[in-house]
Amino acid sequence: MSRPTEVIIDLAAIRQNYRLASKLAQPGKAIAVVKANAYGHGIVEVAKALCDDTEMFAVASLDEAKMLRQQGIKQDILLLEGCFDRAEYAEVAALNCQTVIHNSEQLNAICTGSLPRAIVTWLKIDTGMHRLGIQPEQFWDFYQQLQGSAQVSDVRLISHFSCADELDNDFTQQQLAIVEEILQQPGAAVLQAKCSLANSAAMLAWPQSIRQWNRPGIMLYGISPFIQAHPLADKLQQAMTLRSKVIALRSINKGEMVGYANHWQATRPSMIATVAAGYGDGYPRHAKSGTPVLINNRRARLVGRVSMDMLCVDVSELDNVKLGDEVTLWGSGLAVAEVATWADTIPYELVTRMPTRAIKRYI
Ligand SMILES: *Cc1c(COP(=O)(O)O)cnc(C)c1O
């Protein structure tokens, strides 16, 4: 038997989740966000799985866009952070991609460049997140310069929410009001149909933010952006499973310790199962003792520090645990979000940082 640790990616689940996003986006569209290697799920496989359904993908870099083009992806591709230097615009045009413009350097670079063809630009407004984007007051000046540029074939409006996952925080409403104010100015009617605001959380919880173009990311992978239960988000199907097997079993006495630094001590005689998965496989080292783990689909608890290649589970309350038994670190029956909470992080981080050692199998 080779090392039994694997990451299973359910492409049918991703397709299903995309369909839910598309439905929420109606009458607009859902841009499939596949940055960061499709949140660790494999950008090429995910894009191929979605290319019959989606008209557009979004990525964070030209390298990601190139990879999609090399694999024959013909859909529109949007660069969410825009270009990082002037030389990239010609490549964006040659690859037939679209780009965000979020500052005056990017505006100047595109307007003074000489591109093989005009490109679609998305003018990004900072409506309160204060991460990327021009100030709302600068909008018309930037808009007119882009409209007047021969390098630009169309100008659209994009903004991003900082708190859409907080269901009772009306900051999303305030951000929306800033966009609405721009759109109500004379001459802006045409922009109504060229707007993109919502990420997954906004699509699920703030339907008033849905526009012609929407940008679901995390929901495509079947992960809820919310901490609490949510009727729509709870319909998503988690696409990634991290699993392994039990490779050792031992009984220890009350008072004996488990793992590095003797971090966990048995308060009763205990049966400890050792599992071939650790932080070298993407399991978070910060997961605390008590984090749920499924052994043969039954819940048990992580004990002691997570090692690079292994972790230990207290299986005292499960009958008949044997060497070779199936272990689910996250997957069906155990949301990656639950594990993330035990590790003081968010599920986005856990799936996105899966290491290359974690061998992926697509179903
Ligand atoms: C990553 C990203 C998204 C997708 O966000 P999710 O929370 O994963 O849905 C949308 N828009 C922008 C600008 C992003 O950077």
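The values are calculated or read from the model by the stated rules, or taken from the named source; none is laboratory data. Model, not experiment: these values are computed from the prediction. All Cβ positions, glycine included, derive from the backbone under ideal geometry; neighbour counts span all protein chains shown.
Of the candidates Trp264, Trp330, the single residue that is touching a Cys at 6+ places or on another chain (Cβ under 9 Å) and surrounded by 21 or more Cβ atoms within 10 Å (Cβ to Cβ) is Trp264. If you go through region 92-116 and pick out every residue that is closer than 22 Å to Gln75 by Cβ, of a type outside the set (A, V, I, L, M, F, W, C) and at pLDDT 95 or above, you end up with 3. Taking (1) over 21 Å from Arg211 (Cα atoms); (2) modelled with pLDDT under 95 in turn, Ser149 satisfies each apart from (2). Residues satisfying the criterion are present in region 147-169 (criterion: farther than 19 Å from Thr99 by Cα and more than 16 Å from the ligand (Cβ to nearest atom)). When region 225-242 is limited to residues that are outside any strand (DSSP E or B) and buried (at least 24 other Cβ atoms within 10 Å of the Cβ), the one that is farthest from the ligand (Cβ to nearest atom) turns out to be Ala239. Only residues that are within 16 Å of the ligand (Cβ to nearest atom), of a type in the set (S, T, N, Q) and over 13 Å from Met240 (Cβ atoms) were counted across region 329-363, and they come to 1. Filtering Met56, Met67 for residues that are free of Cβ contacts under 8 Å to residues at least 40 places away in the same chain and of a type in the set (A, V, I, L, M, F, W, C) leaves a single hit, Met67. Restricted to region 70-124, and to residues that are under 22 Å from Arg215 (Cβ atoms), part of a loop (DSSP other than H, G, I, E, B) and of a type in the set (D, E, K, R), which residue is nearest to the chain's Cα centre (by Cα)? Filtering first and then ranking leaves Glu81.
Is one or more of the residues making up region 103-121 within 22 Å of Ser196 (Cβ to Cβ), small (Gly, Ala, Ser) and surrounded by 20 or more Cβ atoms within 10 Å (Cβ to Cβ)? No, every residue in region 103-121 fails to be within 22 Å of Ser196 (Cβ to Cβ), small (Gly, Ala, Ser) and surrounded by 20 or more Cβ atoms within 10 Å (Cβ to Cβ). Filtering region 189-224 to residues that are more than 16 Å from the ligand (Cβ to nearest atom) and surrounded by fewer than 17 Cβ atoms within 10 Å (Cβ to Cβ) leaves Ala189, Val190, Gln192, Ala193, Gln208.
What number of residues within region 29-49 are assigned to a loop (DSSP other than H, G, I, E, B) and within 14 Å of the ligand (Cβ to nearest atom)? Steps first, please.
Taking region 29-49 and keeping what is assigned to a loop (DSSP other than H, G, I, E, B), we get 31, 34, 41-42.
Filter once more, so that each one left must be within 14 Å of the ligand (Cβ to nearest atom): 31, 34, 41.
Looking only at that region, the number is 3.
Residues that are under 20 Å from Ala201 (Cβ atoms), crowded, with 16+ Cβ neighbours inside 10 Å and within 16 Å of the ligand (Cβ to nearest atom) do not occur anywhere in region 62-74.
Look at region 196-221: where a residue is part of a loop (DSSP other than H, G, I, E, B) and a partner is more than 8 Å from the ligand (Cβ to nearest atom) and basic (Lys, Arg), sitting 6+ places away or on another chain with Cβ atoms under 8 Å, you get Leu197/Arg211; Ala198/Arg211; Gln212/Lys29; Gln212/Lys194. Residues that are farther than 22 Å from Ala188 by Cα and in contact with a Gly (Cβ under 8 Å, 6 or more places away or on another chain) within region 72-125 comprise Arg86, Tyr89, Ala90, Gln106, listed in sequence order.
Taking every residue in region 169-182 that is over 18 Å from Asn199 (Cβ atoms) and pairing it with any residue that is part of a helix (DSSP H, G or I), at least 6 positions away or on another chain, the pairs with Cβ-Cβ distances below 7 Å are Ile182/Pro136; Ile182/Phe139.
Within region 249-256, identify whether any single residue is in a loop (DSSP other than H, G, I, E, B), at positive phi and surrounded by fewer than 17 Cβ atoms within 10 Å (Cβ to Cβ), and answer yes or no. Within region 249-256, one or more residues are in a loop (DSSP other than H, G, I, E, B), at positive phi and surrounded by fewer than 17 Cβ atoms within 10 Å (Cβ to Cβ).
Of all the listed residues (Val92, Val59), the sole one being hydrophobic (A, V, I, L, M, F, W, C) and within 16 Å of the ligand (Cβ to nearest atom) is Val59.
When Ile125, Ile134, Ile182 are checked against the criterion of being surrounded by 15 or more Cβ atoms within 10 Å (Cβ to Cβ), away from the ligand (no atom under 16 Å from the Cβ) and either among the small types (Gly, Ala, Ser) or on the phi < 0 side of the Ramachandran plot (or both), a single residue qualifies: Ile182.
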